[in-house]
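Report on the following structure.
None of the figures in this text is laboratory data; all of them are computed from the coordinates on show. This one's a predicted model, so the numbers in the text were calculated from it and none came from an experiment. With ideal geometry, Cβ positions are generated from the backbone for all residues, glycine too; neighbour counts draw on all protein chains shown.
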Amino acid sequence: MQGVYLLHYERSLGKAQHYLGASRDVFERIHHHETGNGARMPAAFKRAGIRFKIARMWIAMPGENPFHLERFIKRRHNSRQWCPDCKEDQGLQVLMADLVDRVKGDEEPCSLT
Ligand SMILES: [Zn+2]
């Protein structure tokens with residue numbers, strides 16, 4: 001399954017407590033993070049013995065590029081605002097705002113390249 005995922009770590013490492021990533025195979029990619037392979041930041045968390053949970057996932061639609069979707073989400077510059085664990089009481093509003101934003105449109109067309 002292709003899409004974007006947000007990992008929430010049980011405690012922070014430096015200033016970071018989240019990791020946002022995209023993949024054409026989300027579960028395989030997350031498995032790599034679990035085993036300490038793949039991106040540098042999740043590997044650092046792994047070495048520090050800090051565990052994560054999958055806080056959110058955005059499934060890319062057929063024909064939608066998950067990396068464009070990731071860029072769209074990253075443009076908000078704050079992973080915490082997307083995290084239901086960190087914004088428990090506002091989870092639904094965040095979700096709705098997310099949907100409205102996506103419907104209103106990313107100026108970049110998302111297509112498979
Ligand atoms: Zn969080």
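The figures follow:
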read-out: Pairwise FRET efficiency - residue 87 versus residue 40, Cβ, R0 = 30 Å, nearest 0.05; value: 0.70
read-out: Point-to-point label distance, residue 25-residue 74, nm (Cα→Cβ direction, 7 Å offset); value: 2.2 nm
read-out: Per-residue Cβ neighbour rank within 10 angstrom, fewest leading, 13, 7; value: 13, 7
read-out: Residue 48 paired with residue 16, simple spin-label distance in nm, labels 7 Å along Cα-to-beta-carbon; value: 0.9 nm
read-out: Net charge dipole size for the range 1-74 [Lys, Arg +1 and Asp, Glu -1 on Cβ; Debye, nearest 20]; value: 360 debye
